[in-house]
Amino acid sequence: MIHQYKLGGYNIVLDVCSGSVHTVDDLAYDMIALYEQHTKEEVLRQITEKYGSQPEITAEDIAGCYDDITALKEQGKLFSPDTFEPIAGTLKQKTAGVVKALCLHIAHTCNLNCSYCFASQGKYHGDRAVMSFEVGKQALDFLVANSGTRHNLEVDFFGGEPLMNFQVVKDLVAYARSIEQESGKHFRFTLTTNGLLIDDDVIDFANRECSNVVLSLDGRKEIHDRYRVDYAGNGSWEKIVPKFQKLVEARGGKNYYMRGTFTHANPDFLEDIKVMLDLGFNELSMEPVVAAEGDPAALTEDDLPIVTEQYEKLAALMIQRRKEGKPFTFYHYMIDLTGGPCIYKRISGCGSGTEYMAVTPWGDLYPCHQFVGEEKFRLGDIWKGVNNTSVQDDFMACNVYAREECRTCWARLYCSGGCAANAYHATGSVRGVYEYGCKLFRKRMECAIMAEIDRQFSKSE
Amino acid sequence: MRHIQTIKTRSLCESAKNGGCGECQTSCQSACKTSCGIANQQCESKQQKKQ
């Protein structure tokens, strides 16, 4: 299977199953489109009819292009068959019984009252609560005990607002560091915060201990303050921006993400990205809102062409700024064509419910943070482990071939079947397909690959 | 090839032979939390890094 598209002045051909990427001229672009459907004679006839009158195109040239396509096919770089499906289950089974990442819901409470919050203002449709040190410690012990031979273990401090329980966060990190040597594990901590409680102590901690911090900012002040308000209804933009700037400046090059959410109120989210850049942030992420259909924040079909155009303009802006010596990164456009994920990862996906789980303040285990509060998805707890094996089996069976729609999608080995939570909320099944998200994902991948091609060509000039 | 330029990429077919060490980052653990894919993840296999 191949995917062809034109973007940013490039004609791009992706060979889906080998992962090969080609840039071609118009003649080869058209010839590749015809190649599998017609005989050689017919392909040459059609191409000659279209391009033969151009003085620089000879009959030998056209025949040579055909031979080049044939050679690439023989090398397994074009029209390569999908040979992975029979081994998909076996590949995913490699992770069976191994947990390597936990999302610790350190606080089911929040000091902001954002109406678009998928976690219902941090409460996850339940009671307000904070995680005790004892529960957190047991979660870390559970992670170590179930991590098999994995060396790198990931722990995200999440909420609600995790800094509302900051002392426990600090104590848990100190505990984890104290057991790293004896357990032979390395913990990578991340912190996701709305920023209100950032102070010098938090900055020092985050920059010393966290491999990444995720900072929530939606961009333009009026856009941010539309949803990200306190319980009195006051916007938070003016309070958090100086704190974020101080934290990032002190970070000294360590990773962070300025992470925004765009909604029906700002499908033109590139304007928000530009505000983030103007504020001095250059590691950016901007995510489509997760909202039920009919929610005023939810993206609509009318928003779709606007959003896809914004993605294209964002790629163009990245290229322009890189050439001006002012580069920035966008989370979904970070693609390393030579050092990216292996086929195992591409088939297995995010690992929710298997390698990755969320832990509530009470120590309950869920397949991921987005399922917390959905009682039927409760997997077990951190003392007794997973006992709801039927739900875990559903997640274990989630691979890129589990969804009929994915089998014919060119982006399947870039997306791996997508987000189980999005699928569940859109269709009622974790093995469903959230088609709106698919459309956005495919556009993002086209943009990401184009921007990477441009980067490589610029480097070689 | 006059009409086609092939970009250097990782061969997915080759990675089927030695992939799956599992050390790479869990996709949703970094920035998105809501709309993950896997294409932007880095391979952390020591074997791959040596190649």
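The values are calculated or read from the model by the stated rules, or taken from the named source; none is laboratory data. Here the structure is a predicted model, which is why all the values come from computation and not from measurement. Cβ placement follows ideal geometry from the backbone for every residue including glycine, while neighbour counts extend to all protein chains displayed.
Applying the selection to region A:82-92, what residues are more than 10 Å from every other protein chain (Cβ to nearest Cβ) and either aliphatic (A, V, I, L, M) or exposed (fewer than 12 other Cβ atoms within 10 Å of the Cβ) (or both)? A:Pro86, A:Ala88, listed by residue number. The residues in region A:102-119 that are at the interface with chain B (Cβ under 9 Å from one of its Cβ atoms) and modelled with pLDDT under 95 can be counted, and the count is 1.
Of the residues contained in region A:387-406, one or more are found to be more than 25 Å from A:Lys137 (Cα to Cα) and in contact with an Asp or Glu (Cβ under 8 Å, 6 or more places away or on another chain).
Considering only residues that are of a type in the set (Gly, Ala, Ser), buried (at least 19 other Cβ atoms within 10 Å of the Cβ) and either assigned to a loop (DSSP other than H, G, I, E, B) or free of Cβ contacts under 8 Å to residues at least 12 places away in the same chain (or both), which ones fall in region A:106-122?
Quick first cut of region A:106-122, residues of a type in the set (Gly, Ala, Ser) only: A:107, A:115, A:119-120, A:122.
Restricting the remaining residues to those that are buried (at least 19 other Cβ atoms within 10 Å of the Cβ) gives A:107, A:119, A:122.
Residues satisfying the conditions are A:Ala119, A:Gly122.
What do you reckon, is A:Thr39 among the β-branched types (Val, Ile, Thr) and surrounded by fewer than 19 Cβ atoms within 10 Å (Cβ to Cβ)? Yes; evaluated as a whole, the condition is true for this residue.
Provide a single number: the residues in region A:138-153 that are within 14 Å of another protein chain (Cβ to nearest Cβ) and either in contact (Cβ under 8 Å) with a residue 60 or more places away in the chain or under 20 Å from A:Asp127 (Cβ atoms) (or both). Even if it seems obvious, please write down each step before you answer.
Here is the first cut: in region A:138-153, the ones within 14 Å of another protein chain (Cβ to nearest Cβ) are A:143, A:146-153.
Then drop every residue that is not either in contact (Cβ under 8 Å) with a residue 60 or more places away in the chain or under 20 Å from A:Asp127 (Cβ atoms) (or both), which leaves A:146.
Residues that pass the stated criteria total 1.
Residue check: is A:Tyr356 within 30 Å of A:Ser147 (Cβ to Cβ), touching a residue at least 24 places away in the same chain (Cβ under 8 Å) and within 22 Å of the chain's Cα centre (by Cα)? Walk me through how you get there before you give the answer.
Numbers: within 30 Å of A:Ser147 (Cβ to Cβ): yes; touching a residue at least 24 places away in the same chain (Cβ under 8 Å): yes; within 22 Å of the chain's Cα centre (by Cα): yes.
So A:Tyr356 passes the test.
In region A:201-222, the residues that are β-branched (Val, Ile, Thr) reach residues that are crowded, with 18+ Cβ neighbours inside 10 Å with C-beta atoms within less than 6 angstrom, at least six apart or across chains, in these pairs: A:Ile203/A:Leu247; A:Val213/A:Leu191; A:Val213/A:Ala206; A:Val213/A:Tyr256; A:Val214/A:Thr192; A:Val214/A:Tyr257; A:Val214/A:Arg259; A:Val214/B:Ala31. Would you check if A:Arg455 is under 20 Å from A:Met357 (Cβ atoms), among the charged types (D, E, K, R) and more than 9 Å from chain B (Cβ to nearest Cβ)? Taking the combined requirement at face value, the residue does not satisfy it. Within region A:130-162, the residues that satisfy the criterion of being in contact with a Ser or Thr (Cβ under 7 Å, 6 or more places away or on another chain) and over 30 Å from A:Lys94 (Cβ atoms) are A:Val130, A:Gly160, A:Glu161, A:Pro162. Going by the conditions given, is A:Val155 surrounded by fewer than 22 Cβ atoms within 10 Å (Cβ to Cβ) and not in a helix (DSSP H, G or I)? No. Here A:Glu309 clears all of (1) in contact (Cβ under 8 Å) with a residue 60 or more places away in the chain; (2) closer than 30 Å to A:Leu7 by Cα except the condition numbered (1). When the residues of region A:316-365 are filtered to those that are facing chain B (nearest Cβ under 9 Å) and assigned to a strand (DSSP E or B), the one that is nearest to A:Asp381 (Cα to Cα) is A:Tyr356.
If the condition is being of a type in the set (D, E, K, R), without any contact (Cβ under 8 Å) to a residue 12 or more places away in the chain and part of a helix (DSSP H, G or I), then region A:408-461 contributes only A:Lys459.
With respect to A:Val24, is the statement that it is more than 30 Å from A:Val229 (Cβ to Cβ), in contact (Cβ under 8 Å) with a residue 60 or more places away in the chain and either in contact with a Cys (Cβ under 8 Å, 6 or more places away or on another chain) or not assigned by TED's automatic domain parsing to the domain that holds A:Asp230 (or both) true? It would help to see each step written out before you state the result.
Values: more than 30 Å from A:Val229 (Cβ to Cβ): yes; in contact (Cβ under 8 Å) with a residue 60 or more places away in the chain: no; either in contact with a Cys (Cβ under 8 Å, 6 or more places away or on another chain) or not assigned by TED's automatic domain parsing to the domain that holds A:Asp230 (or both): yes.
The answer is no for A:Val24.
Being within 14 Å of another protein chain (Cβ to nearest Cβ), closer than 19 Å to A:Gly437 by Cβ and either in contact (Cβ under 8 Å) with a residue 24 or more places away in the chain or touching a Ser or Thr at 6+ places or on another chain (Cβ under 9 Å) (or both): is that true of A:Ala402 here? No; evaluated as a whole, the condition is false for this residue. Scanning region A:305-326 for residues that are more than 19 Å from the chain's Cα centre (by Cα) and either within 29 Å of A:Tyr424 (Cβ to Cβ) or not basic (Lys, Arg) (or both) returns A:Pro305, A:Ile306, A:Glu309, A:Ala316, A:Leu317, A:Ile319, A:Gln320, A:Glu324, A:Gly325.
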